[in-house]
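Report on the following structure.
The values are calculated or read from the model by the stated rules, or taken from the named source; none is laboratory data. Here the structure is a predicted model, which is why all the values come from computation and not from measurement. Virtual Cβ from ideal backbone geometry, glycine too; neighbours counted across all protein chains shown.
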Amino acid sequence: MADLSPYAFVVVLMALSAAGVVKGVLGIGLPMVAVSIMATVVPVTSAVAVVFLPMILSNLWQAYSEGHHQVALRRFWPLLIGLAVGTLIGNQVLVRADPDKVILFLGLVVIAFCASSVFQERFRIPPEWERWLAPVIGLGAGFVGGFSAFFGPLMVMYLVALKLDRDEFVGSVALANFTGAVVLYGSLAGMGRLALPEIGASALALVPVLLGMEVGRRLRRHIEAELFRLALLLALLVMGLNLVRRSVM
């Protein structure tokens, strides 16, 4: 990260700012937007390391500010355990996989998330399925998150299908993202992939992310959430296709 060209530095700065705006408006999407864009100019492992502190602090604040963390913990603890286990497995893949395969996987995850988001409002999970499905979803979401820092795709689809109200949804997804991020970066630190240089870069990344979140919070009052969601999905689709193109060319 210290050897970034001026162009790459601008791309990283824009990625972090845009991710903050998305997080401020929608409450989700910080790693997906930031890592997807940054992976076009820096190694995926570096992009994942940079969003370390922004992911943990933003989700911790969001989980507690919504006031549903205790209820979410009691209801979703099987999901969180599955998430932790899946994250450890996915993290082992991240540090050993071929970089081109990692980029291809990221692109496919982003494209799949965009495609599923178009139909996710139609999904509904019966209450009797939740007990056995929660740890399975957690394991899958953790694997994807440990591999890419994208805990959102499966997690968001699952929580939306449970038809949670807005505040409960935001608090629950933030708690899940916080749990996954702590396990992910704890594992990276244990393997020596998250040292002082990476932590320093991540601390600097807080500035554009937090500024972006404040902009997003203010924008949320003036734009329709559905319009912004559609624009986000279109932008993510372009990023995903670009990552796939980069991995195969």
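Per-structure values
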quantity: Which listed residue is modelled with pLDDT of 90 or more, within 16 Å of G152 (Cα to Cα), in a helix (DSSP H, G or I) and not charged (D, E, K, R), from G107, G82, G24, G90; calculated: G82
quantity: Any hit, the range 15-29, residues being closer than 19 Å to P197 by Cα and in contact with a helix residue (DSSP H, G or I) (Cβ under 8 Å, 6 or more places away or on another chain); calculated: yes
quantity: Residue in the range 122-131 that is surrounded by 21 or more Cβ atoms within 10 Å (Cβ to Cβ), at pLDDT 80 or above and at negative phi present; calculated: no
quantity: Subset of the range 6-26 [of a type outside the set (A, V, I, L, M) and surrounded by fewer than 24 Cβ atoms within 10 Å (Cβ to Cβ)]; calculated: P6, Y7, F9, S17, G24
quantity: Residues of the range 219-249 classified as loosely packed, with under 14 Cβ neighbours inside 10 Å, among the small types (G, A, S) and in contact (Cβ under 8 Å) with a residue 60 or more places away in the chain, total; calculated: 1
quantity: Helices (runs of 4 or more DSSP H) (entirely within the range 126-197) containing at least 2 residues that are more than 21 Å from T45 (Cα to Cα) and touching a strand residue (DSSP E or B) at 6+ places or on another chain (Cβ under 8 Å); calculated: none
quantity: Check on V35, under 13 Å from the mean Cα position of the chain (by Cα) and either closer than 20 Å to M239 by Cβ or not aromatic (F, W, Y) (or both); calculated: yes
quantity: Residue match in the range 202-218 (condition: under 27 Å from Q92 (Cα atoms), assigned to a helix (DSSP H, G or I) and without any contact (Cβ under 8 Å) to a residue 60 or more places away in the chain); calculated: yes
quantity: Members of the range 47-83 found to be buried (at least 20 other Cβ atoms within 10 Å of the Cβ), aliphatic (A, V, I, L, M) and farther than 22 Å from L196 by Cα, listed by number; calculated: A63, A72, L79, L80, L83
quantity: Every residue from the range 219-249 that is among the aliphatic types (A, V, I, L, M), out of contact with any Leu (no Cβ under 8 Å at 6 or more places or on another chain) and either part of a helix (DSSP H, G or I) or at pLDDT 75 or above (or both); calculated: L219, L227, L230, A231, L233, L234, A235, L236, L237, V238, M239, L241
